[in-house]
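Heads up, the thing below is written out as structure tokens.
The values are calculated or read from the model by the stated rules, or taken from the named source; none is laboratory data. Source: prediction; values computed, not measured. Backbone-built Cβ (ideal geometry, glycine too); neighbour counts: all protein chains shown. Calculation scope for accessible area: heavy atoms of the full protein, side chains included, ligands and nucleic acids excluded. Shrake-Rupley method; radii C 1.70, N 1.55, O 1.52, S 1.80 Å.
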Amino acid sequence: MKKSCFYITGILMAVQLFTLLQSANAQDTLSLQRCYQLMEELHPEEQSRIYAENIRQLKQENLSTAFLPQFAVNGQATYQSDVMSIPIESPAFSIPDIPKDQYKIQLEVSQLIYDGGVNKIKKTQEELNEKTTKTEINLNQRQVKSQINSLFFTALNLQEQERLLNESVLGELQNQLKLTEARIKNGVLLKGAANSIQIEILKIKQDLLNVNEQQKAVFKMLKSWTGLDNLQEYDLLYPSYDIANNSNTNFDSKPQIQILSLQQQQLEVSKDMIQAGNMPMLSAFANAGFGSPNPYNMFETSFEPFYLLGLRLNWQPFKYGNTHRSVEVSKLQQSALEARKESINKQSDVNLIQYQQDAERLQKLIETDQEMIVLQEDNVKEYGSLQQNGVITSTGYLTEVNKLTQFQLNLQIHKMSLAKAKVDWMFEAGILK
């Protein structure tokens, strides 16, 4: 019983160890969406979102103080060349002389009562400014994502080329070389047969070297946006999107359209501001202080207190049609922006048709590629057997191997192009963000 438990425990430990080793050896994967996410986190302008929000909050707080009492302290000391005098002499009373040096200090208080809605409109403008700034950041990041698309698919194509040359072509040639060398030892084939295959293997290794160098350059550029090191150790994942049955588009979510829509909203708010400028502005005010002489009683020549209370009305009821014309200008600008939106959407429709047609064409090419590969694989096997038996030279066999390699590379290129056409479609449709 104890031995059975020992065996079971040993088996379980072995299974766990095998699982850990498999996990350690498993290659990390990297998707296109993950590249987008990393770019957004590392993008230099990402911090600008926080700045834009803070700027809007601070300006809103400033605008919120418009209806709070405003205080100001003013003072002045002057000397003037002449003063008013009354040339009357009377034994019953005396008229004091107004001094030429005069002093005054006062506190002014004003309270806005009604501004025609201007302050509220300014707050709306600041909110739209914040949204516009953030949308411009999205537009800049979208342009970067377009670059990432090109880099990602280039890297994916190179990775698949490396895998094909390593696992398929190089493996086939090395196996054929072993068989050929065995035949040479048995005197069935001449040494030149092995040399031809060995030369082809060296060519494949040269191709792999070129692919690796190209990968380094592409991964270096991709790293600058994602921050990921050792990208060659990642297994890049094919993006998988179904556009055949996807008729939904979301052009309004594209930053180009959003910016134009925000500009239209800003013009709408500007019309409100123009209308608000026709409204009267009412405020209360008060002045209080000390002066010598008293500014409201020049005959009090010593430092005397004074104050003034009142209401102030500002209104310009007639502007000779300027308001109407300004509103019309805003309407025309809104219409121009709408025309630009329609133009962008029209171009997007054309691009979607092109990407759809490309996807359908590439799908048909892939099916043909697969059929040709199946047939050519049979040819390679047949020519390999003939070469081993000395019926044909290594050149004939290698020619068929090269044909198979080209068909496989064509299949890989068409698969990658199909995946990119689908990504471009989703990107243009505004679905992929």
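Tabulated data for the structure shown
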quantity: Count of residues meeting criterion [among the small types (Gly, Ala, Ser) and either touching a Phe, Trp or Tyr at 6+ places or on another chain (Cβ under 6 Å) or open to solvent by 80 Å² or more (accessible area, probe 1.4 Å) (or both)] in segment 41-67; calculated: 0
quantity: Which listed residue is in a helix (DSSP H, G or I), farther than 14 Å from Ile55 by Cβ and either open to solvent by less than 40 Å² (accessible area, probe 1.4 Å) or not aliphatic (A, V, I, L, M) (or both), from Lys120, Lys104, Lys131; calculated: Lys120
quantity: Matching residues, segment 68-85, being within 60 Å of the chain's Cα centre (by Cα) and among the hydrophobic types (A, V, I, L, M, F, W, C); calculated: Leu68, Phe71, Ala72, Val73, Ala77
quantity: Set Gly384, Gly390: member being on the phi > 0 side of the Ramachandran plot and either open to solvent by 70 Å² or more (accessible area, probe 1.4 Å) or touching a residue at least 40 places away in the same chain (Cβ under 8 Å) (or both); calculated: Gly390
quantity: Tally, over segment 69-78, of residues that are under 26 Å from Ile121 (Cβ atoms) and open to solvent by less than 90 Å² (accessible area, probe 1.4 Å); calculated: 3
quantity: Qualifying residue in segment 107-117 (condition: part of a helix (DSSP H, G or I) and open to solvent by less than 80 Å² (accessible area, probe 1.4 Å)); calculated: no
quantity: Condition check for Gln370: modelled with pLDDT of 95 or more, more than 22 Å from Gln174 (Cα to Cα) and among the polar types (S, T, N, Q); calculated: yes
quantity: Some residue of segment 226-239 being among the aromatic types (Phe, Trp, Tyr) and assigned to a loop (DSSP other than H, G, I, E, B); calculated: yes
quantity: Inter-residue pairs, beta-carbon under 9 Å, first farther than 13 Å from Leu112 by Cβ and in contact (Cβ under 8 Å) with a residue 24 or more places away in the chain and in segment 63-76, second open to solvent by 90 Å² or more (accessible area, probe 1.4 Å) and outside any strand (DSSP E or B), 6+ apart; calculated: none
quantity: From Phe285, Phe306, Phe299, residue being over 30 Å from Val329 (Cβ atoms), open to solvent by 50 Å² or more (accessible area, probe 1.4 Å), in contact (Cβ under 8 Å) with a residue 60 or more places away in the chain and not acidic (Asp, Glu); calculated: Phe299
quantity: Test result for Gln370, part of a helix (DSSP H, G or I), more than 26 Å from Ile121 (Cα to Cα), touching a helix residue (DSSP H, G or I) at 6+ places or on another chain (Cβ under 6 Å) and not aliphatic (A, V, I, L, M); calculated: no
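Condition check ((1) open to solvent by 60 Å² or more (accessible area, probe 1.4 Å); (2) under 30 Å from Ala66 (Cα atoms); (3) in contact (Cβ under 8 Å) with a residue 60 or more places away in the chain; (4) among the hydroxyl-bearing types (Ser, Thr, Tyr)) across all residues:
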{"position": "Thr135", "(1), (2), (3), (4)": "no, yes, yes, yes"}
{"position": "Arg163", "(1), (2), (3), (4)": "yes, no, no, no"}
{"position": "Glu172", "(1), (2), (3), (4)": "yes, no, yes, no"}
{"position": "Glu181", "(1), (2), (3), (4)": "yes, no, no, no"}
{"position": "Ile197", "(1), (2), (3), (4)": "no, no, yes, no"}
{"position": "Val211", "(1), (2), (3), (4)": "no, no, no, no"}
